[in-house]
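Comments concern the structure below.
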Amino acid sequence: MNKSLVLLFFLMAALGFAQQGPYYQQFAKYKMDIDVDAAGFTYNGKQTITYTNNSPDELKVVYFHLYWNAFKPGSMMDQRVASQGKNGDSRLQRNGISTLSTIPKDQEGAQNIHWIKQNDKDLKFEIQETIMKVELNTPLQPNTSTTFTMEWDAVIPEQIRRAGRNNREGIDMTMTQWYPKIAEYDYDGWATFDYIGREFHAPFADFEVNIKIDKDYIIGAGGTLMNENEVRGYSRNAVVKADDQNKATWRWTAKNILDFAWAADRDYTVETFTVPDGPKIYYVYQKSEKTSHWETSKPYVTKFFQLMNTDLGRYIYPSYAFVQGGDGGMEYGMATMMLGEGRTLEGLVGLMVHEGGHSYNQQILATNESMRPWLDEGFTSYYDSKIMHQLFPPEQPVPNPFMSSLQSYRNFTKRGLEEPAVWLGDHHDHGTAYSFATYVKGELYLVQLGYIMGEETLSLVMKEFYNQWKLKHPTDRDFLHIAQKISGMDLKWFHHYWINTTKTIDYAVKHVEHGENTTTITLQNKGDVPMPVDFSVLTRDKKLVHYQIPLNMTRTWKSEDIYGSFKTLAYWPWTQKEYTFTIPYGKDEISAMGIDFSQRLADVDPEDNILEIK
Ligand SMILES: [Zn+2]
C-alpha cells in the first residue's frame, strides 16, 4: 500500500467507510416473450432486462442463473446426489441411484443462450453449468441502469425436482427457475451458488411475461393475468384468441417479486376466493377425487393469511396462487408449486401453510437462502407450528405448539449427526443434518427467544423486523439488532451458541433441602449452552408461583411472559455451574416444582427438570 493509499484508507475509516455502508438493493425489470412448443417440451425466449445498480460499487461483470442446466447426467447436482448416497436427498434417488443420471438425452434440461447484449452491443459470456458470467462492455457505475437483451432456447427437463415435464401427478409443465435470472448482488457479493438442489436468491424485480402456448392450455402463475378474456380458465366471458399456429398469448405482470414461476396443463381448473383484508387466492389444479381436499382447505387458507397478517404483518401483493405442480412444495413470487394429490386435509393445509408462509419469510423478508437457510425455513416453520396448532387444535391440550419440533430436535441430538445451522445450505454432509439445522433449529431459535425475552416481546420483535425489512434482504444480524433493541437484552451469546455451534442446553434440579417453612434448591447447568432459568412451584392448594433466574449475559431480565407474574431472583453467571436459592414453602406445601413449566426450553434431557413431592 503506498502512502496516498494509506492516507485514503485512514480517511475512509474516519468517515466510516470501513464499516458496512448504508443499505442498498439492486433492482431488475424483465420483459419476456416466450414461445412454447408444447408437444416438443421446448420453448424459445427473448428478454429485455433493465438492471439498476444501487450499490456503491462499479460492476464489471454480472451473473445469471441457468438452473435447468443441472438436470442432466453428470451435472454437479447429479455428482452431489451420487456422492452423498444414502445421506443425501431421497427425493433425488430411486433405489439408491441418482435419478439425474437416468434422464434420457432428449429430456435433459437445457437453457441455451444464443446471445446477450448490453445496450445493443454483444457481450462475452462464459457458462459454468448453472452460472453464466457476463463481462460488461461498459462497466455499470453506482446508481445507474443498463439494459440487457438476450435470446435463448430451453428444453423442459424430466421432472426430478420442482421444474419439469409430465410429472407423476400428470401436470404437463411446471415452469420454475425456468428463465435466465440475474443473480443477486449485495453486501455479501454476487450470489453465485451453483444449483445442486437447494434454495434460491434473487434481486427484487418487475415482470412482464408474455407466454405463447397451444390455446388448449391453462396457466397458473404468481402474478396478475392481464388478459383473462383471451385465454382459457379464468373468465366465463373469455373468447380464446388464437393465432394462426393455434396458440394463445398469456400476458402476466408482477411487481417487486423475486421470481416469476408458472405451470401449464390442459386439465387445470381455476378457482378463486378472497381473504378479507387479504389477497385474492387462486387455486389452479386438476380437480378430481384425488384432489378433493382442495375444496375443503379454503377456509383454512383464509384463516392462515388472516393470522399471518395480524401475527407478523400484512401480505403485500394483490394475489397468491396455489398451483398443483406435481412435486413437493416450493415457494415463488406470489405462488407456490406443490403436490396436489392424496394426503389428509391437514396434510394439504400443512403444505399450503408452509409454502404460503414463505411469502412472508422468504419472499417479502427476502433473506439469502443459500447462506442462511435457517432464517427463511426456520422462521416459516415457527409460524407453521403456531398456526397449524390454531387451525387443527390437538385433542389433548399441550403446553405449547412447538412440542413435536422440540421432541424431534432432542431425538436428533442423540444421533450424533448434528451440524451447525450457520453452514451453507448446500454444504451439509447429511441431508437430515441440513433439515434439522435449517428447519428445526431455525424454528427453535424463535421458540428459545420467546422463552428468553417473553412472548409478547418476541411478537413485537417479529412485527418490527417485518416492518423494517419487508421487500428487502435482511440478514440474521439485522434481526438480532432489532431483537436486542426491543428486548433491551444482549442476545449475541445465544445467537452464537444456537446458530454457530451444535452445543446443547441441559439443566437439572440437583438437590433439594426442606426446612420448616422453606425449601432450598440447587440447580445445575449440565449442558454447554447457558440460558436463563424459569422455575415454578405448584403448591398443594393448586397455586402456581413462578420465578425467573436471569442469565447475567442478557444484562437484564424479561418483564413479561406467559406465566403472568413472576418473581425475579439473582443473576446466574454463565461461568457458574450450580445455583442455590430458597423459596418460602415447606415440603408439605409443595406438590411439584421445577424448571420451565412452559416446556419451551430446548433442554436435551428434561427428565431431571421437574420434581414431584410425594
Ligand atoms: Zn420451506
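The values are calculated or read from the model by the stated rules, or taken from the named source; none is laboratory data. A quick note: this is a predicted structure, and the numbers were derived from the prediction, not measured. Please note: Cβ atoms are built from the backbone with ideal geometry, for glycine as well, and neighbour counts cover all protein chains shown.
Only one of 223, 197 is touching a helix residue (DSSP H, G or I) at 6+ places or on another chain (Cβ under 6 Å), in contact (Cβ under 8 Å) with a residue 40 or more places away in the chain and over 17 Å from residue 37 (Cα atoms); which? If you could, list the steps in order and put the result at the bottom.
Details: 223 fails: touching a helix residue (DSSP H, G or I) at 6+ places or on another chain (Cβ under 6 Å).
Residue meeting the stated conditions: 197.
Results for (1) surrounded by 20 or more Cβ atoms within 10 Å (Cβ to Cβ); (2) more than 22 Å from the chain's Cα centre (by Cα); (3) in a strand (DSSP E or B), shown as yes or no for each residue.
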position	(1), (2), (3)
237	no, yes, no
250	yes, yes, yes
254	yes, no, yes
290	no, yes, no
300	yes, no, no
305	yes, no, no
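For residue 243, are the conditions met, namely being at pLDDT 95 or above and buried (at least 16 other Cβ atoms within 10 Å of the Cβ)?
no
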| Within the range 307-397, which strands (runs of 3 or more DSSP E) (wholly inside it) include 1 or more residues that are more than 15 Å from the ligand (Cβ to nearest atom)? | 319-324
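When residues of the range 114-134 are filtered for being over 16 Å from residue 181 (Cα atoms) and surrounded by 12 or more Cβ atoms within 10 Å (Cβ to Cβ), how many remain? Before you say what the answer is, go through the steps one by one.
Of the residues in the range 114-134, the ones over 16 Å from residue 181 (Cα atoms) are 119-124.
Pick out the ones that are also surrounded by 12 or more Cβ atoms within 10 Å (Cβ to Cβ) and you get 119, 123.
Going through the range 114-134 one residue at a time, the tally reaches 2.
Do we find that residue 596 is in contact with a helix residue (DSSP H, G or I) (Cβ under 9 Å, 6 or more places away or on another chain) and on the phi > 0 side of the Ramachandran plot in this structure? Outline the logic, then answer.
Values: in contact with a helix residue (DSSP H, G or I) (Cβ under 9 Å, 6 or more places away or on another chain): yes; on the phi > 0 side of the Ramachandran plot: yes.
It is true that residue 596 is in contact with a helix residue (DSSP H, G or I) (Cβ under 9 Å, 6 or more places away or on another chain) and on the phi > 0 side of the Ramachandran plot.
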| message | List pairs: first residue in the range 340-358 and of a type in the set (Asp, Glu), second residue within 16 Å of the ligand (Cβ to nearest atom) anywhere in the structure, Cβ distance under 6 angstrom, at least six positions apart or on different chains. | response | 355/329; 355/331; 355/336; 355/338
| Residues that are over 19 Å from residue 178 (Cβ atoms) and surrounded by fewer than 17 Cβ atoms within 10 Å (Cβ to Cβ), drawn from the range 135-150 | 135, 137, 138, 139, 141, 142, 143, 144, 145, 147
| query | In this structure, does residue 536 turn out to be small (Gly, Ala, Ser), closer than 24 Å to residue 453 by Cα and part of a strand (DSSP E or B)? | reply | yes
| said: Restricting to the range 212-227, count the residues that are in contact with a Ser or Thr (Cβ under 7 Å, 6 or more places away or on another chain) and assigned to a strand (DSSP E or B). | reply: 2
| said: Any residue that is in a loop (DSSP other than H, G, I, E, B), modelled with pLDDT of 95 or more and closer than 14 Å to residue 507 by Cβ - is there at least one of those in the range 553-564? | reply: no
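What residue, of 80, 91, is assigned to a helix (DSSP H, G or I), of a type in the set (D, E, K, R) and closer than 26 Å to residue 189 by Cβ? Before you say what the answer is, go through the steps one by one.
Values: 91 fails: closer than 26 Å to residue 189 by Cβ.
When all the criteria are applied, what remains is 80.
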